[in-house]
Amino acid sequence: MVIKPKVRGFVCVTAHPTGCAAHIQEQIDYVQRKGPIKNGPKSVLVIGASTGYGLASRITAAFGSGAKTLGIFFERPSEEGRTATPGWYNSIAVTNAARAAGLYAGNLNGDAFSDDIKRQALEMIARDMGPIDLVVYSLASPRRTHPKTGVVHKSVLKPVGKSFSNKTVDTDKGLVSDITIEPANEAEIADTTAVMGGEDWEMWMNALADAKLLAPGATSVAYSYIGPAVTWDIYKNGTIGLAKNDLERASKRIDALLKTHGYGRAFISVNKALVTQASSAIPVVPLYISILYKIMKAQGTHEGCIEQIQRLFATQMYNGSALKFDDAGRVRIDDWEMKPDIQEAVTRIWPTVTTENLAAQTDIAGYRSEFMRLFGFGLPGINYDAEVEPHVPMP
Ligand code: NAD
């Protein structure tokens, strides 16, 4: 079958298996070019391992420090004549490359919020890996079925307390328009925290501790975002930001738990705004990313997920000295994004952007090509007119 992109709003409903494999290889090559991460992790669980920041974490652990990895993700597998979601093909490519390099790579495709997937993960870790020394929690999900109550919580991306009006861009059509989003109600705030907050991360860590599957000195990290004032009403001070506050609450409790396990640690890393399937669904943020990319590329400081995570591992987590925390106890790998000169340039460009000058004022072209690459399209060296088998089993 010849596989072409089919974009519907902020998703692409097809994915290209060889294109995804090429995207993975680029990330592996990057990590290997940067050289080994001394004293890196050896036995790693990545929850949300198939795309975006979790995928980059898995690749950095495996190919930067030779770690065994277990990846948990929730992807639609391929079928006869039907493509999978890209994370399925990504995970196949990572697994093949890791095993070719002699590294253990296990996968569990299912609902990470469920007791069943946690039980299966513990079994695989006990059987195949031994105690875990790094747990990366990198889920981005629109819903969570609570494992104890059965209630289905749905997250919303809304402001809190007041409505929010700003510019946004339809990245597919290239239209800049104004958007007004009404504030969330109490139930929506609680639901978003139930999905994107820290309760599930704590459940994972308690399950690992109870099963005695945490190595002495184990580390756990979850990812967050803060960003510039222009996005605060919808992000930092909105429903997702409140959920991230709960993630920070959980990080302190998990840190205390890990301290009892041979002086381990848990923390939040605040990462850069990047094109991923999760961020493309947030109003206003894609316009911000398009402006940010233009400025950071011109300055030579632009990074993608793999550059961010390789830098997090090499210069913070495993550099042989203590983590550098901000005033609130978070690691900031968004430091280059938040530099005053970068943010001043965003603030200057933001009010001037219109549909007519979008291409000149922002890196919308870069945004779009990055978005297509998430689905395996636009990679060099791939013949997109050639027949390719969409149905690929997990190895
Ligand atoms: P993403 O959409 O690329 O990845 C989400 C991952 O979660 C995928 O592996 C997916 O399969 C998995 N997943 C979703 N629901 C699941 C479920 N029920 N069970 C098992 N797996 C499930 O997202 P991302 O942008 O890489 O986000 C990861 C984390 O990084 C989030 O906490 C996000 O807030 C944070 N972050 C993202 C950005 C950004 O700009 N993209 C910036 C800073 C922080």
If each residue of separation counts as 0.36 nm, what is the full-extension length gain between Ser114 and Glu26 once their alpha-carbon separation is subtracted? 28.4 nm
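Set the bar at 21 Å for Cα to Cα. Now go through Lys173/Lys339; Lys236/Lys294; Lys118/Lys148; Lys272/Lys297 and name every pair that lies beyond it. Spell out each step's value before the answer.
Values: Lys173/Lys339 31 Å; Lys236/Lys294 23 Å; Lys118/Lys148 13 Å; Lys272/Lys297 14 Å.
Violating the 21 Å limit, Cα to Cα: Lys173/Lys339; Lys236/Lys294.
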Give me P(r) over the range 183-289, computed from all C-alpha to C-alpha distances, binned every 5 Å, as integer percentages. 3, 12, 20, 20, 16, 12, 9, 6, 2, 0
Along the range 142-156, what does the Karplus equation 6.51 cos²θ - 1.76 cosθ + 1.60 (θ = phi - 60°) give for ³J(HN,Hα), rounded to whole Hz, x for Gly and Pro? x, 8, 9, 8, 5, x, 9, 9, x, 5, 9, 9, 10, 7, 10
Could you tell me how far the Cα centroid of the range 97-159 sits from the Cα centroid of the range 28-65, in Å? 17
Protection-proxy order for peptides 47-55, 167-175, each taking the mean of Cβ atoms within 10 Å per residue, highest first: 47-55, 167-175
Measure off 7 Å from each Cα along the Cα-to-Cβ vector at Arg33 and Thr352, then give the distance between these two points in nanometres to one decimal. 3.2
Non-local amide H neighbours of Ala266 (under 5 Å, H modeled in plane, Pro and chain starts lacking H): which ones? Ser220, Asp255
Expressed as a rounded percentage, what relative contact order does the chain have, with Cα pairs under 8 Å and six or more residues apart? 23
Roughly how many percent of the accessible protein surface of the range 87-238 is carbon and sulfur, given a 1.4 Å probe and a whole-percent answer? 53
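How many Å² of accessible area per residue for the chain, probe 1.4 Å?
41
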Long-range share for the chain, i.e. C-alpha pairs more than 39 Å apart as a percent of all pairs, stands at 13
Taking H as built 1.01 Å from N, whose amide H comes closer than 5 Å to the amide H of Thr355, not counting residues under 5 places away? Val176
With only Lys, Arg, Asp and Glu charged, each at its Cβ (+1 for the first two, -1 for the last two), find how big the charge dipole of the chain is about the Cα centre; round to the nearest 20 debye. 680
For q = 0.17, 0.22 Å⁻¹, Debye-computed log10 I/I(0) when each Cα of the range 57-166 counts as one equal scatterer: -0.95, -1.29
Residues whose built amide H sits under 5 Å from the amide H of Ser43, excluding neighbours closer than 5 in sequence, are Lys68, Asp133, Leu134
If each DSSP helix of 4+ residues adds -39,500 (n - 2.57) and the sum is divided by the residues in the chain, what number results at 222 nm, nearest 500 deg cm²/dmol? -12000 deg cm²/dmol
In the chain, what % of DSSP beta bridges are antiparallel (nearest 5)? 30
HN-Hα couplings for the range 13-29 via Karplus (6.51, -1.76, 1.60; θ = phi - 60°), in whole Hz with x for Gly/Pro, come out as 8, 10, 8, 10, x, 6, x, 4, 5, 5, 5, 5, 4, 4, 6, 4, 4
Counting alpha carbon pairs within less than 8 Å and at least 6 residues apart, what relative contact order, in whole percent, applies to the range 255-395? 30
Is the range 241-395 best put as rounded, prolate or oblate by its Cα gyration tensor, with a ≥ b ≥ c the root eigenvalues, rounded for a/c under 1.5, and otherwise prolate when a/b is larger than b/c, oblate when not? oblate
Which of Ser279, Ser269, Ile289, positive extreme of dipole for the range 240-304 (C-beta unit charges): Ser269
So what is Rg over Rh here for the range 1-131, counting just Cα atoms and using Kirkwood for Rh? 0.99
Using a 7 Å offset from Cα along Cα-Cβ at Ala211, what residues in the range 61-83 end up with backbone N under 16 Å from the label point? 69-73
Residue by residue through the range 81-92, what is 3J(HN,Hα) from phi via Karplus (6.51 cos²θ - 1.76 cosθ + 1.60, θ = phi - 60°)? Round to whole Hz and write x for glycine and proline. x, 9, 6, 7, 6, x, x, 5, 5, 4, 5, 4
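The values are calculated or read from the model by the stated rules, or taken from the named source; none is laboratory data. Just so it is clear, the structure is predicted and the values come from calculations on it, not from any experiment. FYI the Cβ positions are ideal-geometry reconstructions off the backbone, even for glycines, and counts take in every protein chain you see. What goes into the accessible areas is simple: the full protein's heavy atoms, side chains included, and nothing from ligands, DNA or RNA. Shrake-Rupley method; radii C 1.70, N 1.55, O 1.52, S 1.80 Å.
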